[in-house]
1. Below 9 angstrom from the Cβ of Tyr37, what's the summed charge of the other residues (Lys, Arg +1; Asp, Glu -1)?
2. May I ask you to derive the FRET efficiency for Asp136 and Ala9 from their Cβ-Cβ distance with R0 = 25 Å, giving the value to the nearest 0.05?
3. Calculate for the chain the 222 nm mean residue ellipticity that helices alone would give, adding -39,500 (n - 2.57) per DSSP H run of length 4 or more and normalising by residue count, nearest 500 deg cm²/dmol.
4. Among Lys13/Lys96; Lys40/Lys130; Lys189/Lys251; Lys40/Lys96, which pairs are too far apart, with a Cα-Cα distance over 32 Å?
5. Would you give the gap between the C-alpha center of the stretch 316-359 and the C-alpha center of the stretch 179-222, rounded to a whole Å?
6. Could you pull out every whole DSSP H run in the chain that spans at least 15 Å of Cα extent along its own axis and averages 0.0 or higher on the Kyte-Doolittle scale?
7. With N denoting the number of residues in the stretch 299-389, provide Rg(C-alpha) divided by 2.2 N^0.38 Å, to two decimal places.
8. Give me, ordered by chain and number, the residues 5 or more places off His93 or on other chains with an amide H under 5 Å from its own placed amide H.
Amino acid sequence: MTADLVADAASLKALCDRVRSAERVGLDTEFHSERTYAPKLMVVQLSFDDGAVIVDPLAIPDLSPLMEALDETLIVGHALSSDLRIFAHRFGHVPKHVFDCQVAASFLGYGMQISLADLVHDLRNIRLAKTQTVSDWSIRPFSAAQIDYLVDDVVHLLPMQHQLEERLTTAGRLSWAHEESDALTDPSKYERDERRLYLRIPGAMKMNRRELGVLFELGKMRDRMASDRDVPPKYILPDDVLGGLATLRPKREEQLAQLRRLEAGARRSLGSAILEAVAAGEAIPDEDLPQRVPRPLGNARETIASLLAVLVGEIAAANQVPTGLLAPRATLERVARELPQGIDALRAVLDLSEWRTALIAEPIYRLLSGQDALRIEGYMDGDPKIRSLT
């Protein structure tokens, strides 16, 4: 299938009108993220019931009219969170109505990470030629192979949505898929979490609260510089150097030489900013310091969390949904840590969506309270399964 190319203001306006009048629109993007602070949008592909369109963001720097138009229709995509994150970062906005085919497929036994190519093959009996996966999308004009690839990524989305919704309706899970897709439109989902700037730094789990305060300020400083220079944060300071600085807590520039991984050039260019960040961390009032990373649960509660994971896995298998989609391990560890008393307290600790809570809250509480037990059946027959027994 051929595609129209939108590369100027007039064709963009016509496209926006077409989007507004459409009941639904397929969407995909191509981006580069290896050398920039945030992914750089290179291509936007749209599909309609009667054709496809390729939008060139390099030729049209201001795509805000398209973002506004997308609010007025249903956006159908596959693994949409990566596309929506780019929109949130670049435009401060995400479309209001979406349907994610990957999310929908996860409720039909396909797993959480099924690829577009595999889903298209299963639902449409068509094999996509994924020959341009590592293509350089900054080069213009697009080759014929690139255009075919871009079109293939969106042209099957609308027919697949129809097929998936039919199957979900039969399975009684259409509302589940819509609920999960709706969650993707929450702008806060794509906000940068400042805690992530330091919690994943090597050594953070062993740091005291003051060191974490210093690490927090160093992380903010690094992130700010990376954003200003549009480079990955690790290009400013590697993670291990950041962790070393938080432990060293230098007060003077000559102390920076104690870190062998902090080269002389970096000490000269970043020294003042590093010392200012360290001083800011030292000045945080004790009551406002970051909390320490939770310690391991300990043997008994780790065992409880593992048993809950087994139970959730059994429930997931029985309902043909991925275990990770049903309840993340961190949620089960929180239950084991807090030991909520009563089903209502458990629901509050789980803090999950309605459909998830309906599936797992009661079985989890019955296991925790000793009303149910887990047993392996079929082991001697070579077909072991976990069963929950009252």
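Here, each number is a calculation from the coordinates, and none is a lab measurement. All values reported here derive from a predicted model rather than from experimental measurement. As a convention, Cβ positions derive from the backbone with ideal geometry for all residues, glycine included, and neighbour counts pool all protein chains shown.
1. Neighbour charge sum, excluding Tyr37 itself: -2.
2. In this case the efficiency is close to 0.45.
3. -15500 deg cm²/dmol
4. Distance filter (> 32 Å) returns Lys189/Lys251.
5. Between the Cα centre of the stretch 316-359 and that of the stretch 179-222, the gap is 23 Å.
6. The qualifying helices are 9-21, 80-91, 144-155, 264-282, 299-319, 354-368.
7. Computed over Cα atoms of the stretch 299-389, the ratio equals 1.06.
8. The list, which skips near neighbours in sequence, is Ala88.
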